[in-house]
Amino acid sequence: MQSALTDKEQMELLICPLCRTHLDLFSERLHCRHCDKDYKVIDGIPVLLPGLSEDEILSQGKWESGYRNLDYKVALEQYKNLYLNDTVRQISEYYKPKKGDNYLEIGCGPAFLGTYFARQGLNIFGIDISLSALRIAKKIYQDMGIDNCFF
């Protein structure tokens, strides 16, 4: 899967969370010219967390530990069997996605739901506080041959 950071259109969407200025990509980091802040890019995933409170750090740590050893293949199948149809039905009551639409999922975890919409031709944008969850999402999408995603 091609890293989304090489795509100019998707780079245009990234802004500094502190000053809302567009970011420049340099190898494995993003840089804000305005506030001179650097952000890491880890495994092709931009990490745009400028500073977390103690509570946010605690929450992030708990999510990280939960995802770190997740058997994502089993979890994905469980999600599909237990939740996917009802969730898609509920979303479809309010939103009729079309191929090429952008689908933003905030707090996406491993982005199980996004796999359904990606296969419908939507562009998937997943945001999560857990880098482990986003790494799982990237792996799932790579395994499925889905390249219309950005985490």
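The values are calculated or read from the model by the stated rules, or taken from the named source; none is laboratory data. Since the structure is predicted, the reported quantities are computational estimates derived from the model, not experimental observations. Cβ sites come from the backbone with ideal geometry, for glycine too, and all protein chains shown count toward neighbours. SASA here: full protein model, heavy atoms, side chains in, ligands and nucleic acids out. Shrake-Rupley method; radii C 1.70, N 1.55, O 1.52, S 1.80 Å.
Summary table
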{"item": "Debye, to nearest 20: dipole size of the range 7-90, +1 on Lys, Arg Cβ, -1 on Asp, Glu Cβ", "result": "120"}
{"item": "Heavy-atom accessible surface of the chain: percent carbon and sulfur, 1.4 Å", "result": "51"}
{"item": "Cβ charges +1 (Lys, Arg) and -1 (Asp, Glu), total dipole of the chain, debye", "result": "340"}
{"item": "Per residue value of the accessible surface for the range 6-151 (all protein chains in place, 1.4 Å probe), Å²", "result": "62"}
{"item": "Cα-centred dipole magnitude for the range 99-151, charges only on beta-carbon of K, R (+1) and D, E (-1), debye, nearest 20", "result": "100"}
{"item": "Under the Karplus curve 6.51 cos²θ - 1.76 cosθ + 1.60, θ = phi - 60°, whole-Hz ³J(HN,Hα) for the range 27-38, x wherever Gly or Pro sits", "result": "6, 9, 8, 10, 10, 9, 5, 5, 9, 6, 9, 9"}
{"item": "Total formal charge among the other residues, if their Cβ is under 10 angstrom from that of LEU122, Lys/Arg +1 and Asp/Glu -1", "result": "+2"}
{"item": "Efficiency of FRET from Cβ geometry, GLU56 and TYR83, R₀ 35 Å, rounded to 0.05", "result": "0.85"}
{"item": "Normalised contact order of the chain, rounded percent, pairs of Cα under 8 Å and 6 or more residues apart", "result": "19"}
{"item": "In sequence order, calculated HN-Hα J values of the range 50-57 (Karplus, 6.51, -1.76, 1.60; Hz; x Gly/Pro)", "result": "x, x, 9, 6, 4, 5, 5, 5"}
{"item": "Set LYS40/LYS99; LYS8/LYS138; LYS62/LYS139; LYS80/LYS138; LYS40/LYS98 screened for pairs whose C-alpha atoms are more than 24 Å apart", "result": "LYS40/LYS99; LYS40/LYS98"}
